[in-house]
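Colleague: Once you've had a glance at the structure underneath, I'll fire off some questions.
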Amino acid sequence: MRDITLTMKRVLAAAVDFAFTALVLLLGVRILGYDFEIVFANALVANLSWVALSAGVGSISTWRWSSTPGQALLGLKVQNKDGSKLSFQKSLLRGLLVFVEGSLLGLPFYGLIYIAWGVNLLKLFITGKTFWDDQLGTIVVEKVKSKLQHGA
């Protein structure tokens, strides 16, 4: 039987990544001195910023540390099915697929976004995998803790 704990950790990791991306985007707008209302009123700028940030952070962190910030917090990592680390190109493609298939590029078709997330969430709960895992031959596993992490 499939481990539902891993699935729940993946869902929570996605929520953490969403919150992290939103925080970084809001802080970036504030630090750069832009007016929130102007930036977020322009849907194209807001969506492109979101794509760049979410796909960029996810891709780079998955390539460098085998985890997104949310996955790292919950002790998960992404790897190829053979256990090897993802290449930069595969990490970038995975980040883009997560964004495209997970949220339909953030287009304002909210019903479609909910359907896309719902279908992926349903697949995740039933099979333990998402569409991008299947397409790229990747898996998400729990990190093996070292003796130092166990306090030995």
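The values are calculated or read from the model by the stated rules, or taken from the named source; none is laboratory data. Quantities reported herein were computed from a predicted structural model and do not represent experimental measurements. For neighbour counting, all protein chains shown are included, and Cβ atoms are generated from backbone atoms with ideal geometry for every residue, glycine included.
Colleague: Take the range 68-88 and flag every residue that is surrounded by 14 or more Cβ atoms within 10 Å (Cβ to Cβ), of a type outside the set (A, V, I, L, M) and part of a helix (DSSP H, G or I).
Modeller: Initially, the range 68-88 is screened for residues surrounded by 14 or more Cβ atoms within 10 Å (Cβ to Cβ), giving 68-80, 85-86.
Adding the requirement that they be of a type outside the set (A, V, I, L, M) leaves 68-71, 75, 77, 79-80, 85.
Residues satisfying the conditions are PRO69, GLY70, GLN71.
Colleague: Look through the range 54-71, keep the residues that are in contact with a helix residue (DSSP H, G or I) (Cβ under 8 Å, 6 or more places away or on another chain) and polar (S, T, N, Q), and return whichever of them is modelled with the lowest pLDDT.
Modeller: So in the range 54-71, the residues in contact with a helix residue (DSSP H, G or I) (Cβ under 8 Å, 6 or more places away or on another chain) come out as 54-63, 65, 67-71.
Retained after the next criterion (residues that are polar (S, T, N, Q)): 54, 59, 61-62, 67-68, 71.
Values: SER54: 80, SER59: 90, SER61: 92, THR62: 92, SER67: 93, THR68: 90, GLN71: 91.
Selected residue: SER54.
Colleague: Moving on to the next point. Are any residues in the range 68-90 touching a strand residue (DSSP E or B) at 6+ places or on another chain (Cβ under 8 Å) and either free of Cβ contacts under 8 Å to residues at least 40 places away in the same chain or among the basic types (Lys, Arg) (or both), and if so, which ones?
Modeller: Listed by number, the residues that qualify are LYS77, LYS81, LYS85, LYS90.
Colleague: If I go through the range 27-53 residue by residue, how many of them are at pLDDT 80 or above and under 28 Å from LEU136 (Cβ atoms)?
Modeller: So the count comes out to 2.
Colleague: Which one of these does SER91 not meet: (1) exposed (fewer than 15 other Cβ atoms within 10 Å of the Cβ); (2) at pLDDT 80 or above?
Modeller: (1)
Colleague: Among all residue pairs at least 6 apart or on different chains, which show Cβ distances below 8 Å where the first residue, located in the range 17-33, is of a type in the set (Asp, Glu) and the second is surrounded by 15 or more Cβ atoms within 10 Å (Cβ to Cβ)?
Modeller: What qualifies is ASP17/SER54; ASP17/VAL57; ASP17/GLY58; ASP17/THR68; ASP17/PRO69; ASP17/GLY70; ASP17/GLN71.
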